[in-house]
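Take a look at the structure below.
The values are calculated or read from the model by the stated rules, or taken from the named source; none is laboratory data. Being a predicted model, the structure only gives us computed values, none of them experimental. Quick note on the areas: whole protein, heavy atoms, side chains included, nothing else; ligands and nucleic acids left out. Shrake-Rupley method; radii C 1.70, N 1.55, O 1.52, S 1.80 Å.
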Amino acid sequence: MGDRGQDWSPPGMLRAMLWWPPVAFVIAIAVPGAGLLPIAVAGLALALIGIATAAVSRRRRPAEDVTPATGTTAAVETSDALAGTLQVPQQRAA
């Protein structure tokens, strides 16, 4: 069976928020007396970056053409009298 590739990846905001712990650690090491405010601001900035990148990627990516899952069949009528009814498996568009 061939490699199907990556079926799922985290949404943009979650992907950006995964950077919050290392960023908070660097802020705590670089500016130990700063307190929680810079860490909270960094989290908010990362969330906004995640939302913005998700919105931009949605606008740039065309809508997917999704059909029913593999394994189902649908009867397709043809105009050719010799062909009759043709069973065509429905597959997800790549």
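Here are a few things to note about the model shown:
- Applying the Karplus relation 6.51 cos²θ - 1.76 cosθ + 1.60 with θ = phi - 60° to region 31-41 yields 3J(HN,Hα) values of 10, x, x, 6, x, 8, 4, x, 5, 5, 5 Hz, where x marks Gly and Pro.
- Surface composition of region 9-65: carbon plus sulfur atoms hold 74% of the accessible area, using a 1.4 angstrom probe and ignoring ligands, DNA and RNA.
- One chain, two ends: residue 58 and residue 9. Fully extended at 0.36 nm per residue, the span grows by 16.2 nm beyond their Cα-Cα distance.
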